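The values are calculated or read from the model by the stated rules, or taken from the named source; none is laboratory data. Fair warning: this is a prediction, and the values are worked out from it, not measured in the lab. Here the Cβ is made from the backbone with ideal geometry for all residues, glycine too, and neighbour counts use every protein chain on show. These area figures cover heavy atoms from the full protein model, side chains too; ligands, DNA and RNA do not enter into them. Shrake-Rupley method; radii C 1.70, N 1.55, O 1.52, S 1.80 Å.
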Amino acid sequence: KDQGGSREDKDLTEELIKRGIKVFRNTAQLRNWDTESQMLGLFGNSHMDFEADRSIDGSGQPSLEEMTRQALNRLTKHEDGYVLLVEAGRIDHAHHLNQARHAMEETMQLEKAVKVATDMTSIEDTLILVTADHSHAVTMSGYPKRGNDILGYVYDYIDDRDKHRFMVTRGNQTQPYQTVSYANGPGYELHFDKETNDWKNISQFDVRAWNYTQPATFYLPYETHGGEDVAVYARGPMAHHVTGLHEQNYLGILMAYATCSNPEQFQCPANGGMSSFISRNQTYNNLLIMFIIFTCFTYYIE
């Protein structure tokens with residue numbers, strides 16, 4: 001508009017409300033939803049809060065687990081099936097910030113959402129896919145003991161300092177290192193001492209603080225993605241096709257094939273697909289996709 005366009009700005013939420021669609025902005029509203037009406041969830045002005053920072057009372061943002069449960073409470077009412085996408089986007093953001101503890105907590109929240117999905121659906125009629133669209137430049141190194149704190153030192157700095165090799169500085173001083181570090185990112189600024197041209201001793205930091213940044217080999221304001229293959233987990237009808245190594249676009253083709261939603265281009269399973277599994281005389285037309293990486297702060301249920 002400021003470049004000469006003629007766009008007429010409108011308050012789209014007001015437009016939706018006029019059409020009878022409810023707009024929710026906090027956890028209490030989502031919890032009190034009757035799951036019968038259409039709704040749009042706008043729980044943040046930008047990205048959702050990290051789980052550790054989220055207000056857990058009714059005025060705050062709902063968890064990924066709660067949003068997944070309410071979405072399924074609504075969508076399972078559809079006799080013709082549904083497609084649901086659940087995104088645990090803040091795992092990605094935490095890695096970009098070299099904040100491993102946040103990344104791990106957000107992964108735990110995804111696990112809870114997956115548990116809700118498996119508890120509320122049947123393996124007989126619902127295909128669930130859990131995957132990511134890329135990895136990160138994060139690494140796990142050393143030979144830590146079984147049960148060692150994943151966020152702590154590779155070995156206990158006091159008890160084991162005479163038993164194991166530690167990182168050796170240019171001044172020939174030994175100091176601990178961590179299991180989790182990054183190839184690049186903002187953590188370099190915290191950990192590298194430009195005056196001594198050496199790495200700082202991490203024992204001076206609270207390595208379990210939520211906003212602590214792990215060590216990074218070189219500085220970038222935002223850590224990059226990695227190049228490893230990512231895993232895909234599947235449960236339900238046609239899950240047997242999720243084996244081996246595939247390009248990412250294979251999943252889109254698989255979803256169209258499994259649901260028989262584009263038979264002209266991708267054909268259908270011999271039994272008619274999830275949408276008409278004739279031999280069992282049931283309906284197999286539910287698809288639940290759970291992505292680890294993407295970001296989602298809007299929530300719309302029709």
Relative pair counts by distance (%), Cα atoms of the range 58-204, 10 Å bins: 9, 29, 25, 18, 12, 6, 1, 0
Total charge dipole magnitude, the range 44-89, about the Cα centre, Cβ charges on Lys, Arg, Asp, Glu only, Debye to nearest 20: 160
For F24, residues with placed amide H under 5 Å, excluding near neighbours: L40, G41, L42
Long-range amide H partners of V86 with built H, under 5 Å: I289, M290, F291
Reference-scaled alpha-carbon Rg (2.2 N^0.38 Å with N residues) for the chain: 1.23
Stokes-Einstein translational diffusion, the range 51-99 - Kirkwood Rh over all Cα pairs, 1.002 mPa s, 20 °C, in µm²/s: 165
Translational D in µm²/s for the range 1-70 (Stokes-Einstein at 25 °C, 0.890 mPa s, Kirkwood Rh from C-alpha pairs): 177
Rounded to 5, percent antiparallel among DSSP beta bridges of the chain: 50
Amide H partners (placed H, <5 Å) of S135, local residues excluded: G226, E228
The range 2-10 - phi-based ³J(HN,Hα) in whole Hz, Karplus 6.51/-1.76/1.60, Gly and Pro as x: 6, 10, x, x, 10, 5, 9, 5, 10
Solvent exposure of the chain as accessible area per residue, Å², 1.4 Å probe: 57
Solvent-accessible area, 1.4 Å probe, carbon plus sulfur percent, for the range 102-242: 52
